[in-house]
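The values are calculated or read from the model by the stated rules, or taken from the named source; none is laboratory data. All values reported here derive from a predicted model rather than from experimental measurement. Here the Cβ positions follow ideal geometry from the backbone for every residue, glycine too, while neighbour counts run over all protein chains shown.
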Amino acid sequence: MKEYSYFDGIQFLKEVTEKLKNRIEEIEQTLSEGQREIASIQEYYWENYAEMDQYGYEEYDNQQALLSQINTNQEKLLLKQRFEKMYREPFFGRVDFLF
């Protein structure tokens, strides 16, 4: 059984918090790209609303694309919030039972 020292725990904490920080930054970038995509879809819809086909297929496709992007952003936001909580309050534990 390998013995871990106090300094191993500190190093592990640093590594984990660095990975969390990097992942949060990646998610923030993805969220901003998603927001731009949502704005682009909405802009396209309003600029081309009068020219869309009479059966509503194009309008339906646009609505589906918009809802899909909104749902993706919401999932990413929840994931970001989880990672932020883990970053603010990291907790690692270990219980050793000695007989």
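Descriptive notes on the structure:
- Conditions (1) modelled with pLDDT of 80 or more; (2) in a helix (DSSP H, G or I); number of the one not met by Ala50: (1)
- Of all residues in the range 34-78, those satisfying the criterion of being of a type in the set (Asp, Glu) and over 26 Å from Arg23 (Cβ atoms) are Glu43, Glu47, Glu51, Asp53, Glu58, Glu59, Asp61.
- Within the range 40-55, considering residues that are surrounded by 11 or more Cβ atoms within 10 Å (Cβ to Cβ) and free of Cβ contacts under 8 Å to residues at least 24 places away in the same chain, the one nearest to the chain's Cα centre (by Cα): Ser40
- Residue within the range 21-28 that is in contact (Cβ under 8 Å) with a residue 12 or more places away in the chain, loosely packed, with under 10 Cβ neighbours inside 10 Å and touching a helix residue (DSSP H, G or I) at 6+ places or on another chain (Cβ under 9 Å) present: no
- Residue check, Leu31 assigned to a helix (DSSP H, G or I), aliphatic (A, V, I, L, M), within 29 Å of the chain's Cα centre (by Cα) and closer than 24 Å to Phe91 by Cα: no
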